[in-house]
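The values are calculated or read from the model by the stated rules, or taken from the named source; none is laboratory data. Values in this document were obtained by computation on a predicted structure and should not be read as measured data. Here the Cβ positions follow ideal geometry from the backbone for every residue, glycine too, while neighbour counts run over all protein chains shown. The area values use the complete protein model at the heavy-atom level, side chains included, leaving out ligands, DNA and RNA. Shrake-Rupley method; radii C 1.70, N 1.55, O 1.52, S 1.80 Å.
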Amino acid sequence: MIEARHLRVLRAVSTTGSFSAAARELGCTQPAVSQQMKALEASVGTPLLIRTGREMRLTQAGSALVRHAAGIIAGLTAAEEEVAAIAGLRAGRVRLVSFPSGSSTLVPAALAALRDAHPGTRVSLEEAEPPRSVEMLREGDCDVALAFRYEGAAGAEEWDDLVVRPLLSDRLVGLVPERHRLARAESVAIDELADEPWIAGCPRCRGQLVEVCETAGFTPRIDFATDDYPAVAGLVGAGLGVAVLPQLALEAVRPRGVRTVALEPAVRREIVALTLPDLAQVPAVGATLDKLAGAAAR
C-alpha cells in the first residue's frame with residue numbers, strides 16, 4: 001500500500017534532486033528520507049530512482065508516480081482541511097426529522113441558536129411522525145430524530161439501541177367549545193366527556209386517545225379525524241366536538257372559541273431527540289442535540 005508520507009518524500013526528492021536536499025526541505029534527516037524511499041519502492045515492487053554518483057534520476061515508474069503524487073497529495077490536503085473544519089464546527093451538515101408540533105415550536109429556536117453559534121453548520125429538516133421518524137434514523141436517512149412516546153402506553157417503542165436526549169414532558173389538555181358546560185372547569189375527568197363527539201388527531205394520537213378513554217371505561221365516538229392541529233381547534237371552536245391535544249401543539253395554534261381544561265388523570269408524552277451512538281460523536285450532531293435541549297428548557 002502506498003502511503004501519503006512516502007509520496008511526499010518522493011516528490012521532494014524529484015524536485016530537489018537529492019536525498020540531502022529533500023531532507024532539508026522536509027525538515028528531517030537524510031537517512032530518514034533514504035529509508036522512506038526504500039519502503040516506497042518495496043511497496044510498489046519496482047525501482048523508482050536511479051542513483052548515479054551524487055545524482056538521482058527517476059525511473060519510468062518513478063516519473064509516473066510523481067505525476068500522480070501531486071493530485072493525490074492535494075486531494076489529501078483538501079480532505080484533511082475539510083475534516084478539520086467539520087470537527088471544529090466550521091462546517092458540517094445535519095439531517096433532522098421532526099414531528100409537526102416539534103417543527104413549529106422546538107426546532108426554530110434550536111436552529112436559530114445553532115446558526116448563531118456555528119454559522120457553517122447546515123441543517124436540513126423533514127417532517128415525519130414516530131415511529132416512521134425513528135425508522136428513518138435507523139435506516140440512515142437522517143442524523144437526528146425528534147420523536148415522542150406516551151408514558152405508560154401499551155406497545156411503546158424501545159430505544160435501547162439509540163442515544164436518547166430527553167427534552168420535555170408534554171401534558172395533554174382537553175379542548176372544549178367556549179360555551180361548553182365544562183368550559184369553566186379547572187380540570188376534567190376524561191370520562192365526563194364520554195358522551196361527547198370527538199375530534200381526533202394523528203393516527204398515533206388517535207390510538208392513544210382510544211386507549212385512554214377505554215381505560216376510563218368508554219369508547220370515544222370519533223366524528224372527525226385530522227392530522228392538522230389548527231383544524232382540530234377550529235372544529236372544536238365551531239362546537240362540533242371535543243378533543244385532546246398535547247400542550248406543545250397548542251403553542252403553535254391560536255384557537256378561537258375554544259377553552260382548554262386540564263385532564264385527570266394526567267396523560268403525558270415524553271419528547272426526546274434521538275440519534276445513533278456513532279453519530280452522537282459527530283460535533284455537528286452533538287451541537288444540534290444541545291440546542292434542541294436548550295430550546296426545550298425555555
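For the stretch 104-166, what is the convex hull volume of its Cα atoms per residue in Å³?
Convex hull of Cα atoms, per residue: 115 Å³.
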- 5 Å-binned pair-distance histogram of the stretch 170-298 (Cα, whole percent): 2, 10, 19, 21, 16, 9, 8, 6, 5, 3, 0
- Query: With +1 on each Lys and Arg Cβ and -1 on each Asp and Glu Cβ, how big is the dipole of the stretch 184-298 about its Cα centre, in debye rounded to the nearest 20?
  - Reply: 440
- Item | Most to least accessible of THR77, THR275, THR215 (protein chains only, probe 1.4 Å) | THR215, THR77, THR275
- Query: Which percent of the accessible heavy-atom area of the chain goes to carbon and sulfur, probe 1.4 angstrom?
  - Reply: 50
- Considering amide H positions built from the backbone, and no H for Pro or chain starts, which residues 5 or more places from VAL123, or on another chain, come under 5 Å of its amide H? VAL94
- Task: Using only alpha carbon pairs under 8 Å that are at least six residues apart, calculate the relative contact order of the stretch 140-221 and give it in whole percent.
- Result: 23
- Message: Once you order the gyration tensor axes a ≥ b ≥ c over the Cα atoms, which shape class does the stretch 2-66 get: rounded for a/c under 1.5, otherwise prolate or oblate by comparing a/b with b/c?
- Response: oblate
- Task: With a 1.4 Å probe and every protein chain left in place, tell me how much accessible area ILE190 has, in Å² to the nearest 10.
- Result: 10
- Theoretical ellipticity at 222 nm over the chain - DSSP helices of four or more residues, -39500 (n - 2.57) apiece, nearest 500: -13000 deg cm²/dmol
- Task: Pull up all non-local amide H partners of ALA189: gap of 5 or more, or a different chain, and H-to-H distance under 5 Å with H placed in the peptide plane.
- Result: GLU264
- Query: Going through the DSSP H helices of the chain, which span 30 Å or more along their own axis at the Cα atoms while scoring at least 0.0 as a mean Kyte-Doolittle hydropathy?
  - Reply: 60-87
- Using a simple charge model, +1 on the beta-carbon of Lys and Arg, -1 on the beta-carbon of Asp and Glu, nothing else, what dipole does the stretch 246-296 show about its Cα centre, in debye to the nearest 20? 380
- Candidate values (1) 233; (2) 162; (3) 136, label of the one derived for volume of the Cα convex hull per residue in Å³: (2)
- Listed residues GLY120, VAL13, VAL272: farthest to the positive end of the dipole of the chain (Cβ charges): VAL13
- Note on the structure: In debye to the nearest 20, the charge dipole size for the chain, taken about the Cα centre with +1 at each Lys and Arg Cβ and -1 at each Asp and Glu Cβ, equals 1720
- Restricting attention to the stretch 174-237, which chymotrypsin sites (Phe, Trp or Tyr not before Pro) occupy a DSSP loop and are surrounded by at most 11 other Cβ atoms within 10 Å? none
- Computed FRET value (nearest 0.05) for ASP141 with THR77, which takes r as the C-beta separation and R₀ as 51 Å: 0.95
- Task: Provide the per residue accessible area, probe 1.4 Å, for the stretch 1-135, rounded to a whole number of square angstrom.
- Result: 56
- Surface accessible to a 1.4 Å probe, per residue, for the residues of the stretch 179-279, Å²: 50
- Message: I'd like the antiparallel share, as a percent to the nearest 5, of DSSP beta bridges with both residues in the stretch 169-266.
- Response: 55
- If you take every DSSP beta bridge whose two residues both sit in the chain, what share of them, in percent to the nearest 5, is antiparallel? 65
